[in-house]
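Working notes, structure below.
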Amino acid sequence: MKWDESDRAVRLVDTSLRDGSHAMAHQFTEKNVRDTVRALDDAGVSLIEVSHGDGLGGSTFNYGFSLVDERKLIAAAVDEARHAKIAVLLLPGLGTVGDLRAAADLGAGAVRIATHCTEADVSVQHFGAARDLGLETVGFLMLSHMSTPEALAKQGRIMVDAGCQCVYVVDSAGALILEDASERVAALVAEFGDQAQVGYHGHQNLSFGVANSVLAYRAGARQIDGSLVALGAGAGNSPTEVLAATFERLGIRTGVDKDVLMDAAENVVKPYITRLPVMDRSSIVQGFAGVYSSFLLHAERAAERYDVPAHEILYRVGAAKYVGGQEDMIIDIALQLAAERDQG
Ligand SMILES: C[C@H](O)CC(=O)C(=O)O
Ligand SMILES: [Mn+2]
């Protein structure tokens, strides 16, 4: 197994233990984390993200409480990884610089700082703090389908100027289809030149995670996210094991062992998944209507509570263009639908 980053044409980053937190309703155990990190590390994955689904400090009433304190999970991941670096996610306004310092003290080596695709300026202080802490820095422009490639590149520039080393086009809704993804990546690559890398984070709501990742690579992305068994919000992320197999077939060096990853998917992750990510009606509507993937479980819960269809809630969330942090509006919409039903 190669551990020289320069020997990889593309770096596959695994987010099963962070984006997968949404699909697991934030119920990861320490054993889940240890087993998954060990398997990913054995496969040669060099960056593994571990946090609450909504990042540091995400364990709240609005987003959903974690079963196990994420700091305990981060410490376990750091303890288990022999070669891989552990990354944490931070959404400014939810996670703080104090949370970041604590994660760095626990041994996290990278932070991925996520903002809505038009709000990169709120990340400036956090990138500065991360660089001061000696962390590798990555920026996430979430719900990228809501911006044009040109506007996204300008937002990425704010992150790079603040100290970000790789800016991701994040398809939070799984709404980007083929050129939608590659044109956004290409715009960021053109903007940054060799000042920063570009990454791509896909969701499978319309089933384009892997295809978009290949096009993103061809457009210049050099870090690509995946999750084992697609474990992630909505219909899940691009499966890491499928990315590895696909890139190998294309002759693109990832430095990871696809067979070890497939074994990890089958025998480590699949047995603990409580709800397999699927392209069902609700998640397809998310991709179609451009709805944040992590709204899925919130919509399903509101649907059950108010006896209204989850996919109808999600259509309305898409029409209203709600963004991350507006989870409470899902209940508002469910109440509207219930009132309309009761009025006949
Ligand atoms: C906080 C979000 O879950 C980040 C992410 O993975 C996405 O927007 O997609
Ligand atoms: Mn995601």
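The values are calculated or read from the model by the stated rules, or taken from the named source; none is laboratory data. From a predicted model like this one, the values you see are computed outputs, not experimental measurements. FYI the Cβ positions are ideal-geometry reconstructions off the backbone, even for glycines, and counts take in every protein chain you see. Only protein heavy atoms, including side chains, enter the accessible area calculation; ligands, DNA and RNA are left aside. Shrake-Rupley method; radii C 1.70, N 1.55, O 1.52, S 1.80 Å.
Residues of region 129-151 that are more than 16 Å from ligand 2 (Cβ to nearest atom) and not in a strand (DSSP E or B): A129, A130, R131, D132, L133, G134, L135, S147, T148, P149, E150, A151. In summary, I284 fulfils each of the numbered conditions (1) outside any helix (DSSP H, G or I); (2) within 19 Å of the chain's Cα centre (by Cα) with the single exception of condition (1). For the condition buried (at least 24 other Cβ atoms within 10 Å of the Cβ) and in a loop (DSSP other than H, G, I, E, B), S172 qualifies. Just one of the numbered conditions (1) within 19 Å of the chain's Cα centre (by Cα); (2) crowded, with 23+ Cβ neighbours inside 10 Å is not true of L314: (1). Please work out if H22 is modelled with pLDDT of 95 or more, open to solvent by 10 Å² or more (accessible area, probe 1.4 Å) and outside the structural domain of E327 (by the TED database). Here the answer is yes, as H22 does meet what is asked. Inspect region 148-169 for any residue being surrounded by fewer than 19 Cβ atoms within 10 Å (Cβ to Cβ), of a type in the set (S, T, N, Q) and over 21 Å from F295 (Cα atoms) and give the result as yes or no. Scanning region 148-169, I find at least one residue that is surrounded by fewer than 19 Cβ atoms within 10 Å (Cβ to Cβ), of a type in the set (S, T, N, Q) and over 21 Å from F295 (Cα atoms), so the answer is yes.
In region 173-197, the residues that are outside the structural domain of Q223 (by the TED database) form no Cβ pair under 9 Å with any partner that is in a helix (DSSP H, G or I) and open to solvent by 50 Å² or more (accessible area, probe 1.4 Å), whether six or more places apart or across chains.
Candidates in region 250-275 are the residues that are free of Cβ contacts under 8 Å to residues at least 60 places away in the same chain and part of a loop (DSSP other than H, G, I, E, B); of these, the one that is farthest from ligand 1 (Cβ to nearest atom) is G251. The set of residues in region 61-101 that are in a strand (DSSP E or B), in contact with a helix residue (DSSP H, G or I) (Cβ under 7 Å, 6 or more places away or on another chain) and open to solvent by less than 20 Å² (accessible area, probe 1.4 Å) comprises I86, V88, L90.
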